[in-house]
Amino acid sequence: MAEEKRPVFVVVGKNERKVDGVALVTGRPKFAGDLDLPGTLCVKILHSPHAHARITDIDTAEAEALPGVACVLTHKNTPATRYTTAGQGYPEPSPYDARMFDTKVRFVGDRVAAVAAESEEIALQAMKRIRVRYEELPRVLSVDAALEPGAPVIHDEKDSSGIYDAAKNTAADVDIDVGDMAQGFAESDVIVETVCETQYAQHTPIEPHVVQTSLDEDGRLVIRSSTQVPFHARRIVARVLGVPLHQIRVIKPRIGGGFGVKQEVLLEDLAALVTLRTGRPARIVFSRQEEFIASRTRHPMRIRVKLGARTDGLLHAVEMEVLSNTGAYGAHGLTVLSNVGSKTLPIYNKAKNVRFFGKAVYTNLPVAGAYRGYGATQGCFALETAMDELACGLDIDPVALRRRNAIRVNESSPIFQKLGEGREGVEQTVKSCGLERCMEVGAQRIGWESKRGKRSRDGSRVRGVGMSIHMQGSGIPQIDMAAATLKMNEDGSFNLLIGATDLGTGSDTILAQIAAEVLGVPVSKMIVTSSDTDVTPFDTGAYASSTTYVSGKAVERAALAVRGQIVHVAAAMLAADGGTLDEDRLVLKNERVVAPNGRAVTLAEVCQRAMYQTGQFQIGATASFVPDESPPPFMASFAEVEVDTETGLVQVVKYVAAVDCGVAINPKMAEGQVEGAIANGIGFALTEEMLFSSKGRVRNPTLFDYKILGARDVPPIEVILVPSYEPTGPVGAKSIAEIGINGPIPTIANAIYDAVGIRLTKTPFTPERVQAALRARHPG
Amino acid sequence: MRITLAVNGTRCTFDAHPGETLLELLRREGYVGVKKGCGAGDCGACTVLLDGRAVNSCLVLAGKADGSDVLTIEGLSQGGALHPLQEAFLDEGAVQCGYCTPGMILAALDLLTHHPDPSEEEVREGISGNLCRCTGYTKELRAIQVAAAKMREARHG
């Protein structure tokens, strides 16, 4: 068993405080919006009032004449380069279908113009003076309408590239299969089929998007941005604006939450162009309303899942069909679509016949993008609902059915190789998997045996329990790349320079813990600098659950290289009178290098010798990591719910999540990732939904009308970290940031079924929908 | 208009712009620990204590605060020592991105000042106006209870 090889850790596995924690709890100016450079221009964006229209004329003369206006940007005076706002590895798998300002607007909220002025008041006044003439075009407000023959074409421009079939409003298309579907279903004894639909939902980080740009003393462009992808932001801004990449520096300060919405280059190009045009600092801060109408959302989807099984409960055929609404632009359209299958189907690797196919479709609605879970959340809803139905069909306990079919250690799935991120995937064998234990512990903690099927009733309120299982990945294999630099100081401390982008997850801290573990020092001896393209080495960024596994491995490698240098110097110091000492036998602990005979030198002494005395050199190293596989974290979710059959109100009484993330480097932070993701997921399941007018305008763009959960709304959440050891991961770890969000929707849906016997297949499960489903079952 | 505020114990005179909110004035004056999340009183990121009570500073006109005491997060750990709430938020893992943290801590301070030994329900109620998208609140609820116990101990010890 891999677990038996698990080493004993000193720093890893401890609940270290966040390395940036004191600054955050004392309110020090750490965020992009906290910097106030003298002479900063305020930039405001004029958004389209129409869902689909051509701009026939735009007159900015009156706006420009207003005192205090520094510049006005429109399609007439900005680069026409096509690009994608998706911050992904290069070349991006998303279509180049956007430009800074287009002659056509494709959703209510699309960019029309931008004004830079001395103050927000002046910028807002100037915006009212911009005269725009629109020729309205027919709107396409649903995926079905977009796919109808003769539907208005949303991307009819000639200069876009990478769109699957623009004439059919299809941004992306995926179709893979294994085995023979017709035969697979013909040989199945029980077949179930379900169609699930998910809503438009927004990330709502409490810090909205913010960017501050300026020129430094040498005239280089400095971009401080609340971004998850500083290196992609630099590359994309350079290309769009035609500025040499070396003239741009992107700094990522603290980020007030991202969840994927800041994996998008939304504002950096605009602020940068204002600074280049005017020579002055510029700032753009999205209002909460803009965050809803003009940033990014989760892809709403309709997913059909058909399962065939033998009477012994083994899955024999699995078919998943996806229609994904990517909104007006195709950012992340293909890759999110792929992940609907690639991050769900491998969990049931016993099925010999599998097909996954679908489309990402353009509509004249807000743009979808990366959102924690990245398609797996939607896929898991449909797959795990179907599994619950199959359990009923086979008359097998849902936990037992999953146990029979779930992937185990040393097993693989053909889906790993067939389906990657917008291209073929990478074959892999699962080397750590605590899923069975997760199911066992979760069932026990929720009281599965005693509560399942009991329908305990209190007046009109009925209780039920439900469960589901989930997986994700740890980075994108053979695409993601991370690097880390460590350099030693003569007091025995280290600078850890990482391109990895801590967006509030605590990655700066856990990466410091990895380095500290290898080097035998406390975390306090690690000075962490993250994400400054001038200073830190490259990292693809914080997405795809990549940081712990991919960036962590780069840090571990850099630390091992530095350890080798330290040991080499120390061996010379510890060897008796010109003799030699076996470097392999030296141990680093308590900030010292200790020889087998007990003699020791301090790390400070080692570095002082290397810097000032003998054979002088800088102890330090840079190391990179590109993963060959993406070890999935696994999770089992259990929930007890109470359904009020009169009002239709669903309340979660308790939520239990048992998670296998390999070695938890900082257990409290790992739990926090799961707790936060579950709270967000319960919001999707019960309350969160962007609503639209018949003209495609968001009707509820406020945190009052778009209901995310507050402290009173969140049920008790119990997270259990089930230990395993991932041999390919840094210190045995896998990533954990996304997986938690996949659980609540199917788990709550299945618990509602247990309570009142209705299948809810459309999120969120509002009282109205629950009542309607109850009425449909008991008419009159 | 000229207004006088005692911010974090120091009396100062400020020029409040017409229509300016207390949030805008405080941030303009460098108290950037006061965060803006919505500007509409929905998220609580801009929470400060105004004469000892938690308010959304985005909903208070600066002029209306004339003559008041204001406590921002910057004033909580004067003298270098962290407040028990700050310590507990760090130890319990209640801080993720940290953007809602200043407001959350000040809302908790208001709660604990008036309810030194709150039930879990009272803590949930006390921070119900402060949205957090990162944590799911579990760690904050625990941190506030831990801090409450420490503060009670300090009072009686």
Worksheet, complete the sentence: Exposure proxy check on A:Phe494, A:Phe692: fewest-to-most Cβ neighbours within 10 Å is A:Phe692, A:Phe494
Item to complete: Please tell me which of these pairs span more than 24 angstrom C-alpha to C-alpha: A:Lys104/A:Lys343; A:Lys306/A:Lys418; A:Lys252/A:Lys525; A:Lys734/B:Lys35; A:Lys168/A:Lys695?
Response: A:Lys104/A:Lys343; A:Lys734/B:Lys35
Item to complete: Sequence neighbours fewer than 8 away in the same chain don't count; with that in mind, list the lysines whose C-alpha is under 17 Å from A:Lys454.
Response: A:Lys654
Discussion item. Let me confirm one metric for peptide A:203-209, namely the mean number of other chain beta-carbon atoms within 10 Å of its residues' beta-carbons.
Written reply: 6
Worksheet item: Quick one: what do you get for region B:84-156 if you divide its Cα Rg by 2.2 N^0.38 Å?
Response: 0.98
Discussion item. Please compute the average number of Cβ atoms from other chains found within 10 Å of each residue's Cβ in peptide A:281-294.
Written reply: 1
Item to complete: Using amide H atoms built 1.01 Å from N in the peptide plane, name the residues 5+ places from A:Glu718, or on other chains, whose amide H lies under 5 Å from its own.
Response: A:Tyr655, A:Val656, A:Ala657
Worksheet, complete the sentence: By the mean-Cβ-within-10 Å protection proxy, highest first, A:752-763, A:568-579, A:674-685 rank as A:674-685, A:752-763, A:568-579
Fill in: Two-site label geometry, A:Asp534 and A:His778: point separation in nm, points 7 Å out along Cα→Cβ
6.9
Fill in: Estimated vicinal HN-Hα couplings, Hz - region A:261-267 in sequence order (Karplus 6.51, -1.76, 1.60; Gly, Pro = x)
5, 9, 8, 10, 8, 9, 10
Discussion item. Give me the percent relative contact order of chain A, please, defined on Cα pairs under 8 angstrom at least 6 residues apart.
Written reply: 15
Worksheet, complete the sentence: Out of B:Ala16, B:Met1, B:Leu26 - ranked by how far each Cα lies towards the positive end of the dipole of region B:1-50, with unit charges on the beta-carbon of charged residues - the top one is B:Leu26
Worksheet, complete the sentence: If the chain between A:Asp180 and A:Lys454 were fully extended at 0.36 nm per residue, the gain over the current Cα-Cα distance would be 94.6 nm
Fill in: Cβ-derived FRET efficiency at R0 51 Å, A:Asp156 paired with A:Glu62, nearest 0.05
0.95
Worksheet item: What nm value, rounded to one decimal, do you get for the distance between A:Val10 and A:His246 when each label is placed 7 Å out toward the C-beta?
Response: 4.3
Worksheet item: Hey, what did region A:609-687 get for relative contact order, percent, Cα under 8 Å, at least 6 apart?
Response: 20
Discussion item. If you take each beta carbon of peptide A:665-676 and count the beta carbons of other chains within 10 angstrom, what is the mean?
Written reply: 4
Worksheet item: Among A:105-117, A:303-315, how do they line up from the highest to the lowest mean number of other beta-carbon atoms within 10 Å?
Response: A:105-117, A:303-315
Worksheet item: In terms of modelled amide H atoms, which long-range or inter-chain residues lie less than 5 Å from the amide H of A:Ala113?
Response: A:Leu46
Worksheet entry | the protein assembly as shown: C-alpha gyration tensor shape, a/c 1.5 cut-off, then a/b vs b/c | rounded
Worksheet entry | Cα-projected label distance for B:Glu125 with A:Asn590, points at 7 Å along beta-carbon direction, nm | 5.2
Worksheet item: If one computes the Cα centroid of region A:81-113 and of region A:408-423, what distance in Å separates the two points?
Response: 31
Discussion item. Rounded to the nearest 20 debye, what is the charge dipole size of chain A about its Cα centre when +1 sits on each Lys and Arg Cβ and -1 on each Asp and Glu Cβ?
Written reply: 780
Worksheet entry | region B:2-75, relative contact order in percent, only Cα pairs under 8 angstrom and at least six apart counted | 41
Worksheet item: Where Rh denotes the Kirkwood radius from the mean inverse Cα pair distance, what is Rg over Rh for region A:363-413?
Response: 1.16
Item to complete: Specify which residue in the list A:Pro723, A:Leu703, A:Thr763 is farthest towards the positive end of the charge dipole of region A:701-780, using unit charges on the beta carbon of Lys, Arg (+1) and Asp, Glu (-1), about the Cα centre.
Response: A:Thr763
Worksheet item: Ranked from highest to lowest mean number of other Cβ atoms within 10 Å per residue, what is the order of the peptides A:291-302, A:590-601, A:734-745, A:254-265?
Response: A:734-745, A:254-265, A:291-302, A:590-601
Item to complete: Please work out the FRET efficiency for the pair B:Asp117 and B:Leu82, using the Cβ-Cβ distance as r and a Förster radius of 35 Å; give the result to the nearest 0.05.
Response: 0.95
Fill in: Debye, to nearest 20: dipole size of region B:2-75, +1 on Lys, Arg Cβ, -1 on Asp, Glu Cβ
60
Discussion item. In region B:84-156, if the dipole is taken from +1 on Lys/Arg beta carbons and -1 on Asp/Glu beta carbons about the Cα centre, which of B:Cys97, B:Leu131, B:Ile144 is farthest to the positive end?
Written reply: B:Cys97
Worksheet, complete the sentence: Residue-normalised 222 nm signal for the protein assembly as shown, counting each DSSP H run of n ≥ 4 as -39,500 (n - 2.57), nearest 500 deg cm²/dmol, is -8000 deg cm²/dmol
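FYI, it's all coordinate maths here, none of it is from the lab. Remember, predicted model here, so these are calculated numbers, not experimental data. Quick reminder, even Gly has a Cβ in these numbers, built from the backbone with ideal geometry, and neighbours come from all protein chains shown.
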